[in-house]
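Heads up, the thing below is written out as structure tokens.
The values are calculated or read from the model by the stated rules, or taken from the named source; none is laboratory data. Note that the structure is a prediction, hence the values are computed from the model and not measured. Counting neighbours? That spans all protein chains shown, and the Cβs are built from the backbone with ideal geometry, glycine included. Ligands, DNA and RNA are stripped out before the accessible areas are found, and what is left, the full protein with its side chains, is counted by its heavy atoms. Shrake-Rupley method; radii C 1.70, N 1.55, O 1.52, S 1.80 Å.
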Amino acid sequence: MGIIIIIVTVIAVVVIGSIVMIFIKKLRKAGLMIFGSLIIIFIVVWDLFFKPKQYEKTYLQNVSEWKGLNIRQYADSIVFYIGAIPGGTEIGDPLFSNNFNSVTPENALKMGPLFKGGSIGEYDFSSADKLVDQALAKNLRVRGHTLVWGKQSDMFKNPDLRKWLETFPKEERTMQLKELTDSHIVTVLNHFRGRIKTWDCVNEPTSFIKKGEIEHNVYSEYLGENYIAEAFILAHSVDSSLKLFLNEQITNYNDKQADSFAELVRNLKNSNVPINGVGIQSHILTKTDTAIIDHQNYIKIFTDMGLEVEITELDIRLRIFDAAKDPYDAQGRYYSRLIEACIANPLCKGVTFWGFSDDKCWIDNYPFPKPNEPYFFDPEMKPKPAFYEVYKTLKYSFESRTRK
Ligand code: XIL
């Protein structure tokens, strides 16, 4: 609120001052005044919103007690997936395999990275195989992410399927894209048969810009909106034992995009499309007071349809808690409440963090003011309250089940 008052006041001073100046024909002074005020606004906004902040790490006093704890044993006992994305080497680290029982490769299974040297339709599975086999050797479940992802396969992305299609005559493009998409689904599923049993079959199908609509992308443009159903039908025909998920990022669980995604899932179910689950990404980037109850209600919409749900890409930025006495503690408690909400629904099967240690965080590359620091471990691999709170939640959940 304070910032809004400051900005409105500065703007009012500039506008009124400039009008007066212009009126008395002091144009140069008016220009200087506008310029000066813009600089002031920039400094205030930078300081309040964008300047990286640091918070006191009081949790460091407790880390020696937390270090030997093991989250995974409780997750395994209650048959709940607790997952993370590893860089690669981390999978061998006991800190990873003692705390997680599920892995989602961050990029290795996406279409672009699977194409050999970027050549469309030619495959190099070596890095993906290495990661998947390392995970399986540690008895971790692997989530396959993802077969068909329009946002990542369009202009200037990897792969740029639109540019590739332009190398064909117009009338051939639909056929070319259909062949590539189908052969990609079949090739990848056959390659990982028996090793990856859960796939995000289609990722991010709804638009968050044109809320209420299916995302306009290269697939919907050339194959029609039915590309989503067709991907599920084909994947199921390759291996009917697979769990096929539709994965989506929802920022506001009460808006038109949230409704359109639920409607899409309902239509797929009603048309007997073989969909088994819904992935809710849960990148929580801005403040929302009702995120936990909103998650709970939103998850229920899908579990009421008989579908499984997983929270697939969880990260809650530390910066969101900057009004709290101890932001690290507040972040940890928030995670534990969110995980409790998932566990409370028998069809909500797991939660995956989109990262492992704060040393490497995908949103650090985006223009979000730091600190993001959303994970269990800090850059020095010290466990944070997020780790301890999730440990307590899973332990409590295990103990209350065994007591019954
Ligand atoms: C992100 C990765 O973390 C980045 O490394 C990559 O450059 C872009 O993709 N939703 C998704 C994930 O479904 O695949 C995205 O992962 C994050 C948003």
Checklist entry - Using a simple spin-label model with points 7 Å from Cα along the Cα→Cβ vector, what separation in nm is obtained for N272 and K360? => result 4.5 nm
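Please report the carbon-and-sulfur percent of the accessible area for region 1-52; probe 1.4 Å, protein heavy atoms only, DNA, RNA and ligands left out.
C and S fraction of accessible area: 85 percent.
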Next on the checklist: So if I take the centroid of the Cα atoms in region 143-200 and the same for region 1-70, what is the distance between those two points in Å?
Outcome noted: 44 Å
Item to check | Antiparallel bridges, percent of DSSP beta bridges restricted to the chain (to nearest 5) | outcome: 10 percent
Checklist entry - Cα centroid distance between region 230-286 and region 375-391, in Å? => result 31 Å
Item to check | Extended-chain gain in nm, criterion 0.36 nm per residue less alpha-carbon gap, I5 and D259 | outcome: 88.0 nm
Checklist outcome for this item: Largest first and rounded to whole Å, the semi-axes √(5λ) derived from the alpha carbon gyration tensor of region 291-404 read 26, 17, 13
Checklist entry - Among F302, F35, F125, which one moves the most in a GNM of the chain with springs linking Cα atoms closer than 10 Å? => result F35
Item to check | Shape category assigned to region 239-290 from the gyration tensor of Cα positions, a/c cut at 1.5 | outcome: oblate
Checklist entry - What is the extension gain from N158 to I19, computed as 0.36 nm multiplied by their sequence separation minus the C-alpha to C-alpha distance, in nm to one decimal? => result 45.0 nm
Checklist entry - Classify region 21-171: rounded, prolate or oblate, from the alpha-carbon gyration tensor (a ≥ b ≥ c, eigenvalue square roots; a/c under 1.5 rounded; otherwise prolate if a/b is larger than b/c)? => result oblate
Item to check | Ellipticity estimate at 222 nm from DSSP helix runs (n ≥ 4, -39,500 (n - 2.57)) divided over the chain, nearest 500 | outcome: -13500 deg cm²/dmol
Checklist entry - Which percent of the accessible heavy-atom area of region 250-404 goes to carbon and sulfur, probe 1.4 angstrom? => result 49 percent
Item to check | region 146-247 shape via C-alpha gyration tensor axes, a/c threshold 1.5 | outcome: oblate
Checklist entry - In this model, which of K130/K197; K110/K210; K256/K370; K300/K392 are farther than 20 Å apart at the alpha-carbon? => result K110/K210; K256/K370; K300/K392
Checklist entry - Which residue, F353, F387, F156, tops the fluctuation ranking in a GNM of the chain built on C-alpha contacts under 10 Å? => result F156
Checklist entry - Rounded to the nearest 0.05, what FRET efficiency do K287 and D76 have when you use their Cβ-Cβ distance and R0 = 60 Å? => result 0.95
Checklist entry - Translational D (Stokes-Einstein, µm²/s) of the chain at 25 °C and 0.890 mPa s when Rh comes from the Kirkwood sum over C-alpha pairs? => result 105 µm²/s
Item to check | Accessible area per residue, Å², the chain with all protein chains present, probe 1.4 Å | outcome: 48 Å²
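Considering just Cα atoms, how many Å³ per residue does the convex hull of region 196-323 enclose?
With only Cα atoms used, region 196-323 gives 111 Å³ per residue.
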Next on the checklist: Pick from V390, V238, V45 the residue whose mean-square fluctuation is largest in a GNM of the chain, springs joining Cα atoms under 10 Å.
Outcome noted: V45
Checklist entry - Once you list every other residue whose beta carbon is under 9 Å from the beta carbon of W354, what net charge do they have if Lys and Arg are +1 and Asp and Glu are -1? => result -3
Checklist entry - Which residues in region 77-119 place their backbone N less than 20 Å from a point set 7 Å from the Cα of E399 along the Cα-to-Cβ direction? => result 77-80, 99
Item to check | Net dipole in debye of region 1-98 [+1 Lys, Arg Cβ; -1 Asp, Glu Cβ; about Cα centre; nearest 20] | outcome: 940 debye
Item to check | Cβ-isolated cysteines (cut-off 4.7 Å), the chain | outcome: C201, C361
